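The next block holds one structure in the form of structure tokens; read it before the comments.
The values are calculated or read from the model by the stated rules, or taken from the named source; none is laboratory data. Since we're looking at a predicted model, the values are computed, not measured. Note that we place each Cβ from the backbone using ideal geometry, even for glycine, and neighbour counts take in every protein chain shown. Please note that ligands, DNA and RNA were not included when accessible areas were found on the heavy atoms of the full protein model with its side chains. Shrake-Rupley method; radii C 1.70, N 1.55, O 1.52, S 1.80 Å.
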Amino acid sequence: ITVFTDVDCGYCRKLHEEIDQLTALRVEVRYADFVRAGPGSQTAATMESIWCAEDRQQAMTLAKRGEAIARASCDTPIEAQQALGSRLGVRGTPAIFFANGVMLPGYKPAQALAAEALANTP
């Protein structure tokens, strides 16, 4: 699955806590950025810092827990991912895309999400 996510989204945080369960259920999870507050926001700065961190996974986990991460700046695909999300009809987060292109707007618990993801594999 590809998940358009925002570090300040409560349901995105809940989904992030279930990544290990999804992986154990044979679901590969990829993130794409979708900053609901828009460019120039504190959330956008946090997302940039995640991209520029030495350990992106750890930075994402800390940010999704509401913990501070080191400020960093570099070239990122955030704007391109935001534009892609908009073209695909993403209006909120999480927006989950299955391998066959079907979008699930919103959160589902890991077990149900895994079953739906595997059913939507081409």
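Could you work out the Kirkwood radius for the range 19-91, taking every pair of different alpha carbons, averaging 1/r and inverting it, reported in Å? Please report the intermediate quantities before stating the final value.
Working: mean 1/r = 0.0754 Å⁻¹.
With all distinct Cα pairs of the range 19-91 included, I get 13.3 Å.
Would you please name the GluC sites (Glu not before Pro) within the range 1-106 that are DSSP coil residues with at most 11 other C-beta atoms within 10 Å of their C-beta? Sites meeting the loop and neighbour criteria: E28, E54, E67.
Across the chain, Cα pairs under 8 Å and at least six residues apart give a relative contact order of 35 percent.
Taking N as the residue count of the range 73-117, its C-alpha radius of gyration divided by 2.2 N^0.38 Å amounts to 1.35.
A quarter of the convex hull surface defined by the alpha-carbon atoms of the chain gives 7.0 nm² as the mean projection. Rolling a 1.4 Å probe over the protein heavy atoms gives the chain an accessible area of 56 Å² per residue.
Summing -39500 (n - 2.57) over the DSSP H runs of n ≥ 4 in the chain and dividing by its residue number, what mean residue ellipticity at 222 nm do you reach, to the nearest 500 deg cm²/dmol?
-12500 deg cm²/dmol
Judged by the gyration tensor of its Cα atoms, with axes a ≥ b ≥ c, the range 36-78 is oblate; a/c meets the 1.5 cut and b/c is at least as large as a/b.
Counting DSSP beta bridges in the chain, what percent are antiparallel, to the nearest 5? Roughly 60 percent of the DSSP beta bridges within the chain come out antiparallel.
Heavy-atom accessible area, probed at 1.4 angstrom with all protein chains present, ranks C74, C9 as C74, C9, highest first. Solvent-accessible area assigned to carbon and sulfur over the range 10-77 amounts to 46 percent, based on a 1.4 Å probe.
Placing unit charges on each Cβ (+1 for Lys and Arg, -1 for Asp and Glu) gives the chain a dipole about its Cα centre, and among V90, W51, C74 the Cα reaching farthest toward its positive end belongs to V90. Protein-only accessible surface at a 1.4 angstrom probe places the residues D20, D33, D55 in the order D20, D55, D33, largest first.
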